[in-house]
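In what follows, a structure is listed as C-alpha cells, so that the remarks can point back to it.
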Amino acid sequence: MEVGSAPRRLPPAERREQLIDAAVSVAARDGHERLAFEAVAKHAGVTRNLVYHYFPGGRQELVEAAAHRAGDLLLGEWVTDPEIPLPERLASNLNRMMDHAAEPTDAWMLYRQSRGLVEPRLIEIASRYRDRVISNIALNQLGDPKPPRLVQIALDGFLAYVETVLETALAEGVDRERVVAMVAPALAATVDAAVTAAGPAK
C-alpha cells in the first residue's frame with residue numbers, strides 16, 4: 001500500500017476473510033508467537049487500525065482465527081465416500097496431504113508448527129482439527145468416526161509418523177505411488193493392532 005493511500009474497499013465479510021488469510025501467511029512465515037497486527041496489516045495492504053476493527057479481541061482473536069483457517073484448508077476435500085473403494089480414498093487423501101507438504105502451503109506450515117505449541121488455546125484448536133482427521137481416517141478404515149480411545153491414540157501417533165514420512169519422501173524425490181504403497185499397509189496394521197488391543201466394545 002502506498003504511503004497516504006487508503007485500502008481498497010471490500011464488503012465486511014470479504015475483508016475479514018482477507019485479513020485471516022493474511023494472518024495465516026504471516027504466522028506460517030514468522031510463527032504464531034510473532035504474529036502481530038502490524039505484520040498482518042502490511043501483508044494485506046491495510047492499516048493496523050483496520051485490522052483491530054475486525055479483531056477487537058486483539059492478537060489472540062486473530063491468532064485463533066488463523067489456526068481455524070489452516071485447519072479448514074487442510075481438511076477440505078477429504079474423501080470419505082463409501083462408494084469409492086478404500087484404496088482410492090486413501091490414495092486421494094494422502095496425495096492431498098502431499099500437495100500441501102510439497103509447496104509447502106501456509107496451512108501445512110501452520111499445522112506443522114502446532115505440534116510444538118505451548119499456548120493452551122492454540123493447542124486445543126490444533127487438537128480439535130487433528131481429531132477431525134482421525135475421525136475421517138477411522139470412518140474410512142472402520143466405518144465408525146468414533147472408534148475406541150486406544151484406536152484414536154494410535155491414529156494420532158500414526159498421523160505424526162505420516163507427516164514426517166511425507167516431508168522426508170518429498171524432499172528426497174521419492175515417487176508418490178511408492179509412498180502410498182508404504183503408508184497404506186502401515187495404516188492397516190496400526191488400526192488392526194489398536195482394535196485388537198482395545199478389545200471388544202463394552
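The values are calculated or read from the model by the stated rules, or taken from the named source; none is laboratory data. A quick note: this is a predicted structure, and the numbers were derived from the prediction, not measured. Virtual Cβ from ideal backbone geometry, glycine too; neighbours counted across all protein chains shown. The area values use the complete protein model at the heavy-atom level, side chains included, leaving out ligands, DNA and RNA. Shrake-Rupley method; radii C 1.70, N 1.55, O 1.52, S 1.80 Å.
Some observations on this one:
- Taking region 173-194 as the range and being over 19 Å from His100 (Cβ atoms), open to solvent by 60 Å² or more (accessible area, probe 1.4 Å) and in contact (Cβ under 8 Å) with a residue 40 or more places away in the chain as the test, no residue passes.
- Test: residue in region 29-39 that is within 19 Å of the chain's Cα centre (by Cα), modelled with pLDDT of 90 or more and open to solvent by 80 Å² or more (accessible area, probe 1.4 Å): yes
- Yes/no for Leu170 being over 30 Å from Glu61 (Cα atoms) and open to solvent by 60 Å² or more (accessible area, probe 1.4 Å): no
- Of the criteria (1) open to solvent by 60 Å² or more (accessible area, probe 1.4 Å); (2) basic (Lys, Arg); (3) within 29 Å of Pro145 (Cβ to Cβ), which one Arg89 fails: (1)
- Within region 104-135, restricting attention to residues that are open to solvent by less than 50 Å² (accessible area, probe 1.4 Å), touching a residue at least 24 places away in the same chain (Cβ under 8 Å) and within 17 Å of Gln152 (Cβ to Cβ), the residue that is farthest from the chain's Cα centre (by Cα) is Ile134.
- Among the residues making up region 79-101, a single one is in contact with a Pro (Cβ under 9 Å, 6 or more places away or on another chain) and either under 18 Å from Arg176 (Cβ atoms) or not polar (S, T, N, Q) (or both): Arg89.
- Residues located in region 136-153, provided they are farther than 16 Å from Thr80 by Cα and open to solvent by 20 Å² or more (accessible area, probe 1.4 Å): Pro148, Arg149, Leu150, Gln152, Ile153
- Test result for Asp156, over 18 Å from Trp108 (Cα atoms) and either modelled with pLDDT under 95 or open to solvent by less than 70 Å² (accessible area, probe 1.4 Å) (or both): no
- Meets criteria (within 23 Å of Asp99 (Cβ to Cβ) and among the β-branched types (Val, Ile, Thr)) for Val79: yes
- Once region 59-78 is narrowed to residues that are within 26 Å of Ala181 (Cβ to Cβ) and open to solvent by less than 60 Å² (accessible area, probe 1.4 Å), the residue that is farthest from the chain's Cα centre (by Cα) is Trp78.
- Asp81 open to solvent by 50 Å² or more (accessible area, probe 1.4 Å), at negative phi and at pLDDT 95 or above: yes
Residue-wise test of (1) in contact with a Ser or Thr (Cβ under 7 Å, 6 or more places away or on another chain); (2) over 19 Å from Tyr161 (Cα atoms); (3) in contact (Cβ under 8 Å) with a residue 12 or more places away in the chain.
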{"position": "Gly58", "(1), (2), (3)": "no, yes, no"}
{"position": "Glu61", "(1), (2), (3)": "no, yes, no"}
{"position": "Ala65", "(1), (2), (3)": "no, yes, yes"}
{"position": "His68", "(1), (2), (3)": "no, yes, yes"}
{"position": "Thr80", "(1), (2), (3)": "no, yes, yes"}
{"position": "Leu86", "(1), (2), (3)": "no, yes, yes"}
{"position": "Leu90", "(1), (2), (3)": "no, no, yes"}
{"position": "Met97", "(1), (2), (3)": "no, no, yes"}
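- The set of residues in region 99-125 being of a type in the set (A, V, I, L, M) and farther than 17 Å from Tyr161 by Cα consists of Ala107, Leu110, Leu117, Val118, Leu122, Ile123, Ile125.
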